[in-house]
There are 2 protein chains.
Amino acid sequence: MKQFKRLPRHIGIIPDGNRRWALGNGLNKEDGYEHGISPGFELYRECIELGIKEMTFYGFTQDNTKRPAVQTKAFQKACVDSVMQLTGQDANLLVVGNSGSPLFPKELLPFTKRVTLGKGLMNVNFLVNYGWDWDLRQSIKNPQNDQNDNFTTSIASSDISRIDLIIRWGGRRRLSGFLPIQSIYADFYIIDDMWPEFKIQHLYDALEWYQTQDVTLGG
Amino acid sequence: MKQFKRLPRHIGIIPDGNRRWALGNGLNKEDGYEHGISPGFELYRECIELGIKEMTFYGFTQDNTKRPAVQTKAFQKACVDSVMQLTGQDANLLVVGNSGSPLFPKELLPFTKRVTLGKGLMNVNFLVNYGWDWDLRQSIKNPQNDQNDNFTTSIASSDISRIDLIIRWGGRRRLSGFLPIQSIYADFYIIDDMWPEFKIQHLYDALEWYQTQDVTLGG
């Protein structure tokens, strides 16, 4: 295993390109998602080995559910399968998203409060039926907030910490609504390969680039 | 002038690297900022010619004012000089930032409501003593907000529209607190040269890359 002098504490993962990969491989768009599960575990295990403390995976968003039903069902299933498979690992698991909607898979309701699994070696957050507007709007809805409150503590995703490094697969250079508050100071690394084409070298490339960055938090 | 088939409506500008450029050219860090004024006007004029409808410039942030006083004074002055010079152009100018703080240059107070200058050909927004927390926290402070409100309309920067393309100079791949709500779906283009090294080709490179991107707004 590689060694890195300077590691991000928290890595955000945007696993994009499942549909484009499927089309490029003679499959239907919706067939891509199930090919995105095992890359996630390969990545997770390598990050455990490296000593990363927290990871957040972009599962699916409220925006995504406007897609054809066959796709929505496919990514819902891929998220449920991923989370269920994670229950056999050593993680502190939290699922964050609008669980009051019928689009939120009810199998995942037990994980909307953080649950320690196995040795709990890493905080793993999974965004499921997540929406940035839904997330931030909690700050308005909470009557206990006042002007002295820190905005960060009043949002729906307040149990997810600041992200140091975001890695996005599939070539797009945008956040697409991914945790706007936690991403404010994050370094952003893009991989042109599609997510189902994941290989460990992608992570190494991102971490090697991260070595050369500074952290100023805007100062 | 170049022609582009597909133009962003709103471009965000992060003019980073003034201090690194100054050090690299035998100057003191704080001397870099005044060299960042004329590039801004060159860029603005080219965008007017191209027909861009809105631009937002990252002036300085509340985070930035934690730097040594000689630097803070230098970037405050560069912002004031830039805005004053813009009053001779054709723009609808708005300055957004915490104007209740002594760190906000009082010469800019008249522009905290949008002002039409000349023919008003473009909306130009200037972030001055801006803070993302200050911006978003307005949504909590406003007692008229309720859960039916759109979060986007309740923040301090609500008069700044969604950004299509963010161009950042100086090689860093991060938002550094730049308008988190308006940046949620923005495409992000990085230029390794420092901001005082601006040339029109940088803009063309960004716009040529932008041709190849799609707009899905997360769908």
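The values are calculated or read from the model by the stated rules, or taken from the named source; none is laboratory data. Remember, it's a predicted structure, so these values are computed and weren't measured experimentally. Here the Cβ is made from the backbone with ideal geometry for all residues, glycine too, and neighbour counts use every protein chain on show.
Here are the numbers:
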quantity: Subset of region B:149-163 [more than 10 Å from chain A (Cβ to nearest Cβ) and assigned to a loop (DSSP other than H, G, I, E, B)]; calculated: B:Ala156, B:Ser157, B:Ser158, B:Asp159, B:Ile160, B:Ser161, B:Arg162, B:Ile163
quantity: Region A:16-40 residues that are at positive phi, paired with ones that are assigned to a helix (DSSP H, G or I) (beta carbon under 9 Å, 6 or more apart); calculated: A:Gly17/A:Gly32; A:Gly17/A:Gly36; A:Gly17/A:Trp195; A:Gly17/A:Pro196; A:Gly17/A:Glu197
quantity: Within region A:128-147, tally of residues that are more than 10 Å from chain B (Cβ to nearest Cβ) and either at pLDDT below 95 or within 15 Å of B:Pro180 (Cα to Cα) (or both); calculated: 2
quantity: Among (1) in a helix (DSSP H, G or I); (2) closer than 22 Å to A:Asp135 by Cα; (3) out of contact with any Phe, Trp or Tyr (no Cβ under 7 Å at 6 or more places or on another chain) - the single one A:Phe104 does not satisfy; calculated: (1)
quantity: Pick from region B:153-178, criterion β-branched (Val, Ile, Thr) and crowded, with 20+ Cβ neighbours inside 10 Å, ranking: farthest from B:Trp21 (Cα to Cα); calculated: B:Ile155
quantity: Residue count for region A:1-33, restricted to those that are of a type outside the set (S, T, N, Q), out of contact with any strand residue (DSSP E or B) (no Cβ under 9 Å at 6 or more places or on another chain) and surrounded by fewer than 17 Cβ atoms within 10 Å (Cβ to Cβ); calculated: 10
quantity: Any pair with Cβ under 6 angstrom, 6 or more apart, that starts in region A:161-172 at a residue that is more than 11 Å from A:Tyr189 (Cα to Cα) and ends at one that is modelled with pLDDT of 95 or more and hydroxyl-bearing (Ser, Thr, Tyr); calculated: A:Ile163/A:Ser183
quantity: Scan of region A:112-128 for residues that are more than 14 Å from A:Thr56 (Cα to Cα) and part of a strand (DSSP E or B), ordered by number; calculated: A:Val115, A:Thr116
quantity: Qualifying position, being surrounded by fewer than 22 Cβ atoms within 10 Å (Cβ to Cβ), touching a residue at least 12 places away in the same chain (Cβ under 8 Å), over 14 Å from the mean Cα position of the chain (by Cα) and more than 27 Å from B:Arg67 (Cβ to Cβ), among B:Thr87, B:Thr112; calculated: B:Thr87
quantity: Number of the exception - B:Val124 against (1) more than 12 Å from chain A (Cβ to nearest Cβ); (2) farther than 22 Å from B:Trp21 by Cβ; (3) touching a Ser or Thr at 6+ places or on another chain (Cβ under 7 Å); (4) of a type in the set (A, V, I, L, M); calculated: (3)
quantity: Extreme residue, surrounded by the fewest Cβ atoms within 10 Å (Cβ to Cβ), among residues of region B:179-190 that are assigned to a loop (DSSP other than H, G, I, E, B) and within 9 Å of another protein chain (Cβ to nearest Cβ); calculated: B:Tyr185
quantity: Matching residues in region A:9-59 - criterion: being part of a loop (DSSP other than H, G, I, E, B), of a type in the set (A, V, I, L, M, F, W, C) and closer than 16 Å to A:Ala206 by Cβ; calculated: A:Ile52
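Table: residues versus (1) modelled with pLDDT under 95; (2) within 11 Å of chain B (Cβ to nearest Cβ); (3) more than 29 Å from A:Gln201 (Cα to Cα).
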position	(1), (2), (3)
A:Thr72	no, no, yes
A:Cys79	no, no, no
A:Thr87	yes, no, no
A:Leu103	no, no, yes
A:Gly177	no, yes, no
